[in-house]
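Reviewing the structure listed below.
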Amino acid sequence: MNPWNIRFQNESYVYGTEPNVFLAETQKRLQLSGNALAIAEGEGRNAVFLAEQGMNVTAWDYAASGLTKTKRLAETRGVTVHTELVDLNGAHWKKGFWDELVCIFGHFPKELRMKTLIGIKEAVKPGGYFISEVYSTGQIPYQSGGPKDIGFLYTPEEFLQTFSDWRIVHFFMGEVERNEGDLHQGLSHVIQFVGQKRL
């Protein structure tokens, strides 16, 4: 059984219903428009926020229960989010399609993680953006959330090498305070990345 499908079956939103702070700040600064894809989107808090900013949003997750809650949250906020049940192992990346692609705390084994980052690089259109906040390998001693297996956590090189030919708008690794539902609470060690695909 998919553990995320089980986790998201509760009525409560385990990461809350408000968007990730870094995503919200970045979105308001960049004022992006067009087609957005949020991957490993869970219960939809970030996808719904992007839809509220006027984006045409698609949310991918491989937990059907999370996508159901995404639809419910979108309805309560008066916006539309397209949802697709996607296992990233078999994801089809539309080449050069997305104006914005978002991965917030999407954690996978290294082989899938690198395959996903390469897929993202292909899928963003020239001039489009990839925005991400994830736990770094430095998160292990913290008690604020995220995988306890270091193999699921990110290194700076994974971003900086994969997107070395992009314009790097923002890169940060270090401590931030996060209060997102029941499962992300307290001081955390993250990597933040905003990259723009060159024209």
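The values are calculated or read from the model by the stated rules, or taken from the named source; none is laboratory data. Everything numeric in this text was worked out from a predicted model, so none of it was measured. With ideal geometry, Cβ positions are generated from the backbone for all residues, glycine too; neighbour counts draw on all protein chains shown. With ligands, DNA and RNA removed, areas are computed over all heavy atoms of the protein, side chains included. Shrake-Rupley method; radii C 1.70, N 1.55, O 1.52, S 1.80 Å.
Label point 7 Å out from PHE172 along Cα-to-Cβ: which residues of the range 95-132 have amide N under 13 Å?
132
Compute, for the chain, the length of the dipole vector about the Cα centre, with Cβ point charges of +1 (Lys, Arg) and -1 (Asp, Glu) only. Units Debye, rounded to 20.
480 debye
Can you check what the net charge comes to around PRO147, using other residues whose Cβ is under 14 Å from the Cβ of PRO147 (Lys, Arg +1; Asp, Glu -1)?
Details: positive: ARG7, LYS110, ARG113, LYS148; negative: ASP149.
Surrounding charge for PRO147 is +3.
Rounded to the nearest 5, what is the percent of antiparallel bridges among the DSSP beta bridges in the range 54-199? Please list the in-between numbers first.
On the way: 20 of 32 bridges.
Beta bridges within the range 54-199, antiparallel portion: roughly 60 percent.
Could you pull the accessible area for ASP182 with a 1.4 Å probe, rounded to 10 Å²?
About 120 Å², rounded to the nearest 10.
Just read off the accessible area of TRP98 with the full protein assembly in place, 1.4 Å probe, to the nearest 10 Å².
Counting only protein heavy atoms, the figure is 20 Å².
With every protein chain present, what accessible area does MET55 have (1.4 Å probe, heavy atoms only), rounded to the nearest 10 Å²?
10 Å²
Tabulate in residue order the Karplus-calculated ³J(HN,Hα) for the range 10-15, using 6.51 cos²θ - 1.76 cosθ + 1.60 with θ = phi - 60°, rounded to whole Hz; enter x for Gly and Pro.
5, 5, 6, 8, 5, 10
How large is the accessible surface per residue of the range 3-197, computed with a 1.4 Å probe and reported in Å² as a whole number? Don't skip to the answer; put the middle values down first.
On the way: 8550 Å² over 195 residues.
Each residue of the range 3-197 exposes 44 Å² on average to a 1.4 Å probe.
Quick one: order THR162, THR17 from most to least accessible surface, probe 1.4 Å. Mind dumping the intermediate values first?
Numbers: THR162 20, THR17 45 Å².
Per-residue accessible area, sorted high to low, gives THR17, THR162.
Taking the chain as a Gaussian network, where each spring joins two C-alpha atoms under 10 Å apart, which residue of SER164, SER33, SER136 fluctuates the most?
Maximum fluctuation in the GNM of the chain, among the listed residues, is at SER164.
Quick check: at a probe of 1.4 Å, how many percent of the accessible area of the range 3-197 sits on carbon and sulfur atoms?
51 percent
Whole-Hz ³J(HN,Hα) for each residue in the range 158-170, computed from phi via Karplus 6.51 cos²θ - 1.76 cosθ + 1.60 with θ = phi - 60°, x for glycine and proline: what do you get?
4, 7, 5, 7, 4, 10, 5, 9, 9, 7, 8, 7, 8
Give LYS28/LYS71; LYS28/LYS125; LYS71/LYS110 a once-over and call out the pairs whose C-alpha atoms are over 28 Å from each other.
LYS71/LYS110
Using a 1.4 angstrom probe on the protein heavy atoms only, could you order ILE140, ILE120 from most to least accessible area?
So, going from the largest accessible area down, we get ILE140, ILE120.
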